[in-house]
Amino acid sequence: MSERKVLNKYFPPDFDPSLIPRRRLPKNSQQVVRLMAPFSMRCNTCGEYIYKGKKFNARKETVDGEDYYGIKIFRFYIKCTLCSAEITFKTDPKNTDYAAEHGASRNFEPWREEKAEEENNPMKALENRTVDSKREMDILDALQDIRARNARNERVGQSVDLLDRLGMEEIESEEDRERKLAEEEDERLVREVFAKIPAGDHSPAQAGPSHPGGSVEPVVTVKRKAGAEEPELQSLLPESARSLLSAASAIGAPAAKRKKMQSKSSLGIKLKGKVKAG
């Protein structure tokens with residue numbers, strides 16, 4: 001089956017185009033073209049309105065004896081959609097437009113009247129230019145706002161990407177910062193208190209208050225650096241206290257008493273771990 005639309009034609013080897021007779025056409029022949037109405041018009045015969053852009057099968061010819069600086073002027077023939085009366089219009093290269101010629105009249109176009117008024121009234125032209133300038137400034141302001149908003153959104157997106165790369169899931173709130181400052185203040189006070197305690201074993205000058213029986217309760221002072229591990233309680237007690245503790249452990253103190261002794265000593269220091277039996 002042959003193709004409906006073909007681009008190549010077969011020419012036999014003995015084809016001679018010079019043998020084809022030339023057609024003689026009239027000097028100003030008309031051509032059938034498909035066009036749209038260049039302006040809205042009204043038929044003078046029946047009063048039918050023909051809007052701009054309506055399509056017609058028109059005839060086209062060159063106007064004899066008329067041109068504009070060597071530019072040809074063409075005439076078009078169409079028919080009214082209601083009464084089929086013939087309507088003609090031609091090109092107007094001087095005004096870059098079309099002009100109604102016969103069979104129809106062009107509808108009123110307010111922008112043409114405004115243009116003519118501007119040509120005759122300089123103040124009207126100035127007002128129109130001012131309005132146009134204000135409109136352009138508003139458009140530029142709106143465009144600047146859009147650009148600023150896009151730049152701000154881009155910066156926010158970059159900040160979010162940076163936080164994701166650093167592994168920060170959320171930003172600290174005001175309460176978290178206050179709590180952190182309070183903890184740092186407490187730690188500083190603890191360091192200052194421990195820094196004022198003198199180092200060394202207990203001496204008579206450091207002895208505690210005497211009891212009615214005449215015995216003196218020794219006072220143990222401990223000085224350590226902040227951040228260091230807390231020493232064992234038994235290493236801070238004198239030899240007599242350690243011997244008493246070992247003897248009590250050998251006898252076997254009650255569980256409640258051992259728990260109480262493990263939880264808190266007379267020095268106010270919490271014990272770590274359980275006291276093992278000797």
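Only residues that are in contact with a Ser or Thr (Cβ under 7 Å, 6 or more places away or on another chain) and within 13 Å of Thr45 (Cβ to Cβ) were counted in the range 62-101, giving 3.
Tally the residues that are closer than 16 Å to Met36 by Cα and in contact with a Lys or Arg (Cβ under 8 Å, 6 or more places away or on another chain), restricting the search to the range 92-105. Final tally of qualifying residues: 4.
Matching residues to (1) at pLDDT 90 or above; (2) in contact with a Leu (Cβ under 9 Å, 6 or more places away or on another chain); (3) of a type in the set (Ser, Thr, Tyr); (4) loosely packed, with under 10 Cβ neighbours inside 10 Å:
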| residue | (1), (2), (3), (4) |
| --- | --- |
| Lys124 | no, no, no, no |
| Thr130 | yes, no, yes, no |
| Lys134 | yes, no, no, no |
| Ile139 | yes, no, no, no |
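Among the residues here, Asp67 does not qualify as in contact (Cβ under 8 Å) with a residue 24 or more places away in the chain and in the same structural domain as Asn44 (by TED's automatic domain parsing).
All of (1) assigned to a loop (DSSP other than H, G, I, E, B); (2) outside the structural domain of Thr91 (by TED's automatic domain parsing); (3) of a type outside the set (Val, Ile, Thr) hold for Lys52 with one exception: (2). Scanning the range 47-64 for residues that are among the β-branched types (Val, Ile, Thr) and touching a residue at least 40 places away in the same chain (Cβ under 8 Å) yields one hit, Ile50.
Screening the candidates Arg75, Arg34 for the property of being assigned to a strand (DSSP E or B) and closer than 27 Å to Phe108 by Cβ yields one hit, Arg75. Scanning the range 1-28 for residues that are assigned to a loop (DSSP other than H, G, I, E, B), modelled with pLDDT of 75 or more and more than 30 Å from Glu66 (Cα to Cα) gives Leu7, Asn8, Lys9, Tyr10, Phe11, Pro12, Pro13, Asp14, Phe15, Asp16, Ile20, Pro21.
Residues checked against (1) part of a helix (DSSP H, G or I); (2) within 55 Å of the chain's Cα centre (by Cα); (3) among the aliphatic types (A, V, I, L, M):
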{"residue": "Phe89", "(1), (2), (3)": "no, yes, no"}
{"residue": "Tyr98", "(1), (2), (3)": "no, yes, no"}
{"residue": "Glu101", "(1), (2), (3)": "no, no, no"}
{"residue": "Glu117", "(1), (2), (3)": "yes, yes, no"}
{"residue": "Thr130", "(1), (2), (3)": "yes, yes, no"}
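Just so you know, in the range 40-49 the residues that are surrounded by 15 or more Cβ atoms within 10 Å (Cβ to Cβ) and part of a strand (DSSP E or B) include one that is nearest to the chain's Cα centre (by Cα), and it is Met41. Which of the numbered conditions does Thr81 fail, given that it passes all the others? Conditions: (1) at pLDDT 95 or above; (2) hydroxyl-bearing (Ser, Thr, Tyr); (3) in a loop (DSSP other than H, G, I, E, B). If we test Thr81 against (1) at pLDDT 95 or above; (2) hydroxyl-bearing (Ser, Thr, Tyr); (3) in a loop (DSSP other than H, G, I, E, B), just (1) comes out false.
The values are calculated or read from the model by the stated rules, or taken from the named source; none is laboratory data. What you see is a predicted model; the values in this text were computed from it and never measured. A quick note on method: Cβ atoms are made from the backbone with ideal geometry, for glycine too, and the neighbour counts reach across all protein chains shown.
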